[in-house]
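Each remark here refers to the structure printed beneath this line.
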Amino acid sequence: MSKNLLHALLTLEHEDIRPEEWTPNYADASSRMDFLLKLEQIVIEAKKTRSGFGARELAEQLTVDIQKYKQHPDCRTLVCFVYDPDGRIANPRGIENDLAETRTDLRCES
């Protein structure tokens, strides 16, 4: 799923959608989140698996993302949308459970 399509779907229910909002620095680096629903305080992060980007790489990126988004003043909920059309992730629930350990005051949904 392209980010343009995801953005179009979000506009059906939300008015204030901020694409590519910058995050606070974490480990001396900042990055851009895919979408911020400012009024709802929801960040949506979209990932797509591909050759060389499977379960391990996904888990590593999402672990870092969670740490960054916990520091963002407008993020109370993180929604991780993972598009895996080729079935590269054999155990998606395992990744969700592993990432649950990195959460403290941030609600994460997938």
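The values are calculated or read from the model by the stated rules, or taken from the named source; none is laboratory data. The structure presented is a predicted model; accordingly, all values stated were derived computationally and were not measured. Positions of Cβ are generated from backbone atoms using ideal geometry, with glycine treated the same way; all protein chains shown enter the neighbour counts. Accessible surface areas use protein heavy atoms only, side chains included; no ligands, DNA or RNA. Shrake-Rupley method; radii C 1.70, N 1.55, O 1.52, S 1.80 Å.
Does Ala100 count as of a type outside the set (Val, Ile, Thr) and either in contact (Cβ under 8 Å) with a residue 40 or more places away in the chain or surrounded by 14 or more Cβ atoms within 10 Å (Cβ to Cβ) (or both)? Reasoning before the result, please.
Details: of a type outside the set (Val, Ile, Thr): yes; either in contact (Cβ under 8 Å) with a residue 40 or more places away in the chain or surrounded by 14 or more Cβ atoms within 10 Å (Cβ to Cβ) (or both): no.
When the stated conditions are applied, Ala100 does not pass them.
Here is a yes/no grid of residues against (1) in a helix (DSSP H, G or I); (2) in contact with a Lys or Arg (Cβ under 8 Å, 6 or more places away or on another chain); (3) in contact (Cβ under 8 Å) with a residue 24 or more places away in the chain:
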| site | (1), (2), (3) |
| --- | --- |
| Tyr69 | yes, no, yes |
| Gly87 | no, no, no |
| Ala90 | no, no, yes |
| Arg93 | yes, no, no |
| Glu96 | yes, no, no |
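Across region 43-59, what is the total count of residues that are within 13 Å of Ile89 (Cβ to Cβ) and either open to solvent by 60 Å² or more (accessible area, probe 1.4 Å) or outside any helix (DSSP H, G or I) (or both)? Walk me through how you get there before you give the answer.
At the first step, the residues of region 43-59 found to be within 13 Å of Ile89 (Cβ to Cβ) are 47-50, 53-59.
Pick out the ones that are also either open to solvent by 60 Å² or more (accessible area, probe 1.4 Å) or outside any helix (DSSP H, G or I) (or both) and you get 47-50, 53-54, 56.
Adding up the residues that qualify gives 7.
Listed residues Arg107, Arg88; which is within 22 Å of His14 (Cβ to Cβ), open to solvent by 60 Å² or more (accessible area, probe 1.4 Å) and basic (Lys, Arg)?
Details: Arg88 fails: within 22 Å of His14 (Cβ to Cβ).
The match here is Arg107.
State whether one or more residues within region 75-82 are at pLDDT below 90 and loosely packed, with under 14 Cβ neighbours inside 10 Å.
Within region 75-82, not a single residue is at pLDDT below 90 and loosely packed, with under 14 Cβ neighbours inside 10 Å.
Give the number of residues within region 27-42 that are outside any loop (DSSP other than H, G, I, E, B) and under 17 Å from Leu6 (Cβ atoms). First the steps, then the outcome.
Of the residues in region 27-42, the ones outside any loop (DSSP other than H, G, I, E, B) are 29, 32, 35-37, 42.
Subset that is under 17 Å from Leu6 (Cβ atoms): 32, 35-37, 42.
Qualifying residue count for the region: 5.
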